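What follows draws every value from the coordinates through simple rules; no lab data is involved. None of the values given here were measured: they were computed from a predicted structure. So basically every Cβ, Gly included, is an ideal-geometry build from the backbone, and we count neighbours across all protein chains shown.
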């Protein structure tokens, strides 16, 4: 039986692999035959993800992506040791809710550093000679917050809107190198990050948000399936786009 999403012999690096969407993506990619390089800060959490994956030849590479200037050399070192990458999934990110008057410049810079600067730097590293195979595919994680207004989340939404914008330019610049670049923009899916957000607001506020999703809140699997679609040959003629996965939220 032909599986158009077969990723056998594909080596794919996934950031944010210690939990949430990143963890579920690693598990799915391993089930599709990929060799996964798992990236996050906490090695114990990466080992937990690894224990849930299928297959062999996966690699744990703990790294703090806030060190954006070191990312290109770091990713080059990984591929020198393990071989060129056929795909990159950048899930790492942070979300902090706060109103405008309570944000200072340091808080803004911290969020942008992780959510946008690290994405830019890891793509810059991926495009280096011998780091990526050709063809190859990059999927960055944005959010519907990059498409619609979210009071109390202005900096987070700015960082995710920047991802949506930069993907279009990346795709045009890197097409000649055989690299496709896309992003996914999920709505609220039930992860630890969302649990923290839920605890920062009242139960009635969260219920109101939940009711705004015609298909209900999503699961990490819903996003992982879309990521795998864009990595595999099923997405071979797709680049520079944002795939919205939000249970109908933005259709209102």
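Beta carbons within 10 angstrom, averaged per residue: use that to sort the peptides 65-73, 48-56, highest first.
Ranking the peptides 65-73, 48-56 by packing returns 65-73, 48-56.
Order these by the 10 Å Cβ neighbour count, fewest first: 110, 203.
Details: 110 14, 203 8.
The most exposed by this proxy come first: 203, 110.
Give the angle, between 0 and 90 degrees and rounded to the nearest 10, that separates the Cα long axis of helix 71-82 from the longest principal axis of the Cα atoms of the chain.
40 degrees
How tilted is helix 20-31 with respect to the longest principal axis of the chain? Cα atoms for both, answer in degrees (0 to 90, nearest 10).
Between the helix axis and the principal axis of the chain, the angle is about 30 degrees.
If all Cα-Cα distances of the range 199-252 are sorted into 10 Å bins from 0 onward, what percent lands in each bin, rounded to whole numbers?
21, 37, 29, 11, 2
According to a simple spin-label model (label point 7 Å from Cα along Cα-to-Cβ), what is the distance in nm between residue 43 and residue 203?
Each label point is offset 7 Å from its Cα along the Cβ direction, giving 4.3 nm.
Using alpha carbons only, how many degrees (0 to 90, rounded to 10) separate the axis of helix 220-231 from the longest principal axis of the chain?
40 degrees
Report the antiparallel proportion of the DSSP beta bridges in the range 11-245 as a percent, rounded to a multiple of 5.
The antiparallel proportion sits near 0 percent.
Compute the FRET efficiency between residue 66 and residue 3 as 1/(1 + (r/R0)^6), taking r as their Cβ-Cβ distance and R0 = 35 Å, and round to the nearest 0.05. Write out the running numbers ahead of the final one.
Working: r = 37 Å, r/R0 = 1.07.
According to the calculation, E is roughly 0.40.
Below 8 Å between Cα atoms, with a sequence gap of 6+, how large is the relative contact order for the range 1-120 in percent?
27 percent
Name the most mobile residue of 209, 78, 164, meaning the one with the largest mean-square fluctuation, in a Gaussian network model of the chain with Cα contacts below 10 Å.
209
Among 8, 200, rank each residue by its count of other Cβ atoms within 10 Å, from fewest to most, as a rough exposure measure.
Ranked by crowding around the Cβ, least crowded first: 8, 200.
Identify which of 169, 137, 118 has the largest mean-square fluctuation in a Gaussian network model of the chain, with springs joining Cα atoms closer than 10 Å.
Most flexible of the set in this elastic network: 169.
Tell me, 204, 30, 142 in order of fewest to most beta-carbon neighbours within 10 Å?
204, 30, 142
How far is it, in nm, from the label point at residue 211 to the one at residue 196 when both lie 7 Å from their Cα along the line to the Cβ?
Reported label-point gap for residue 211 and residue 196 is 2.9 nm.
Build a GNM of the chain with springs between Cα atoms under 10 Å: which of 155, 194, 167 gets the top mean-square fluctuation?
194
Of the listed values (i) 105; (ii) 129; (iii) 117, grab the one calculated as volume of the Cα convex hull per residue in Å³ from the structure here.
Calculated volume of the Cα convex hull per residue in Å³: the matching label is (ii).
Could you work out the relative contact order of the chain, using alpha carbon pairs under 8 angstrom and six or more residues apart, expressed as a whole percent?
Relative contact order comes out at 20 percent.
Run the simple label-point estimate for residue 168 and residue 57 please: 7 Å along Cα→C-beta, distance reported in nm.
3.9 nm
Give me the percent of DSSP beta bridges within the range 11-75 that run antiparallel, rounded to the nearest 5.
Values: 0 of 9 bridges.
If we restrict to bridges inside the range 11-75, about 0 percent are antiparallel.
With N set to the residue count of the range 99-218, report its C-alpha Rg divided by 2.2 N^0.38 Å to two decimal places.
Cα-based Rg divided by the globular estimate yields 1.23.
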